[in-house]
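Reviewing the structure listed below.
The values are calculated or read from the model by the stated rules, or taken from the named source; none is laboratory data. Note that the structure is a prediction, hence the values are computed from the model and not measured. Reconstructed Cβ throughout: ideal geometry from the backbone, glycine too, with neighbour counts over all protein chains shown. Surface accessibility is based on the protein's heavy atoms, side chains included, excluding ligands, DNA and RNA. Shrake-Rupley method; radii C 1.70, N 1.55, O 1.52, S 1.80 Å.
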Amino acid sequence: QVLSDVFNAPVFTIDTANSACLGSAYRAIHGLVAERNVSLADVVKLAPEPRLAVTPTPGAEELYRPLLKRYAELEQKVIYNTASSC
């Protein structure tokens, strides 16, 4: 539920063991074939059917939107400071 609320997006799951690892593998395959204009949708079309797990809580976006903006700003500072100190 937290991921759905923070990113204001529905969360889907698939009925398979180690689904997070499977998702990472699909992304890796997509990275390998992306230069041939193969979409992620094409890569995962043989995946098990996803099931809607949760949807965003109404009103959660108003709480998390400013926090996501602040997080992105802090992340940029960390990346910039790390890059400049190397």
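See the values below:
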{"item": "√(5λ) per eigenvalue of the Cα gyration tensor, the stretch 1-45, largest first, Å", "result": "23, 14, 9"}
{"item": "Label of the coordinate-derived value, P(r) over Cα pairs in 10 Å bins from 0, in percent, listed as (i) 15, 26, 32, 24, 2; (ii) 11, 33, 32, 18, 5, 1; (iii) 16, 44, 29, 11, 0", "result": "(i)"}
{"item": "Solvent-accessible area per residue for the stretch 1-84 (1.4 angstrom probe, square angstrom)", "result": "80"}
{"item": "Part-to-part distance (alpha-carbon centres) for the stretch 1-17 and the stretch 37-62, which is given in Å", "result": "8"}
{"item": "Charge dipole (debye, nearest 20) of the chain; +1 at Cβ of Lys and Arg, -1 at Cβ of Asp and Glu", "result": "160"}
{"item": "Highest to lowest packing among 51-57, 5-11, scored as the average C-beta count within 10 Å", "result": "5-11, 51-57"}
{"item": "Apportionment of accessible area to carbon and sulfur, the chain, percent (1.4 Å)", "result": "61"}
